[in-house]
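So the structure is just underneath, and the comments pick up after that.
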Amino acid sequence: MKDYAATSPSRLDEEEDEEKTKTQQSIPVDKHLFEARTVLITGQITMELARDVCARLMALAQVSNDPITVIVSSPGGHVESGDMIHDTIKFIVPKVRMLGMGWVASAGALIFVSVPLEDRYCTPNTRFLLHQPSGGAGGPATDIEIQAREILKMKDRLNKIFSEATGQPVERIDKDTDRDYWMSPDEAIKYGLVGKIAAQASELG
């Protein structure tokens, strides 16, 4: 006999109560982060995340021109969503301080370099990863050709962004990102990706 206990009304009520509790618990955290003018970017970079982050940045910029701290810990994700956050950070008036934690990779690194070098910090155990964009081209041959061209355009555009942000020649960025290019905090400083290692909040400028 089929067991309906797992989908019983009482079980559904419990799940709804748990969800409400989680939401209620996050409200004070969001309030304190807003008051601290701090925005978290964690996990995969998606359109949903980009919308949330950009909304928070715009709201903070509307409240005052005091500095904003953005904390990034991300394996990367959707490049265009990273572009949206990158451009929003450059667009708003308040100064933004970027703090890398955990790992800052791919589209996460694109967001990280949206501020000047002197405003880029990382904690001592952060790892950085740069690499060329990838895509799963499919469909008719003509569509695959179009997608391949667009990926090459994206690669050239990202190489220029990282070249301008680090001071490295485009040719070196292109060579280094041909494969996964990992960096420790010290290596990232030498590369021009990070301005300073910050072990404590008091070390943020």
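Output yes when any residue across the stretch 163-172 is without any contact (Cβ under 8 Å) to a residue 24 or more places away in the chain and within 30 Å of Arg37 (Cα to Cα), and no when none is. Within the stretch 163-172 (the criterion being without any contact (Cβ under 8 Å) to a residue 24 or more places away in the chain and within 30 Å of Arg37 (Cα to Cα)), the answer is yes, since at least one residue qualifies. Restricting to the stretch 163-194, what's the tally of residues that are over 12 Å from Phe128 (Cβ atoms) and either basic (Lys, Arg) or touching a Pro at 6+ places or on another chain (Cβ under 8 Å) (or both)? Within the stretch 163-194, residues that are over 12 Å from Phe128 (Cβ atoms) and either basic (Lys, Arg) or touching a Pro at 6+ places or on another chain (Cβ under 8 Å) (or both) number 4.
Listed conditions (1) in a helix (DSSP H, G or I); (2) in contact with an Asp or Glu (Cβ under 9 Å, 6 or more places away or on another chain) are all met by Leu158, apart from (2).
Say whether the condition of being of a type in the set (Gly, Ala, Ser) and surrounded by 18 or more Cβ atoms within 10 Å (Cβ to Cβ) is met by at least one residue in the stretch 119-141. No; the residues of the stretch 119-141 include none that is of a type in the set (Gly, Ala, Ser) and surrounded by 18 or more Cβ atoms within 10 Å (Cβ to Cβ).
The set of residues in the stretch 161-176 that are in a loop (DSSP other than H, G, I, E, B) and within 19 Å of His86 (Cβ to Cβ) comprises Gly167, Gln168.
Filtering the stretch 177-194 to residues that are assigned to a helix (DSSP H, G or I) and either surrounded by fewer than 19 Cβ atoms within 10 Å (Cβ to Cβ) or without any contact (Cβ under 8 Å) to a residue 40 or more places away in the chain (or both) leaves Asp186, Glu187, Ile189, Lys190, Tyr191. Looking at the structure I just gave you, is Asp83 under 22 Å from Glu150 (Cα atoms), among the acidic types (Asp, Glu) and either surrounded by fewer than 22 Cβ atoms within 10 Å (Cβ to Cβ) or free of Cβ contacts under 8 Å to residues at least 24 places away in the same chain (or both)? Here the answer is yes, as Asp83 does meet what is asked.
Where strands (runs of 3 or more DSSP E) fall entirely within the stretch 27-144, those with at least 1 residues that are at pLDDT 95 or above and closer than 20 Å to Thr177 by Cα are at 68-74, 96-105, 127-130.
The single residue among Val63, Val53 that is surrounded by 14 or more Cβ atoms within 10 Å (Cβ to Cβ) and not small (Gly, Ala, Ser) turns out to be Val53.
The values are calculated or read from the model by the stated rules, or taken from the named source; none is laboratory data. Treat the numbers as computed from the prediction; the structure is a model and nothing was measured. Backbone-built Cβ (ideal geometry, glycine too); neighbour counts: all protein chains shown.
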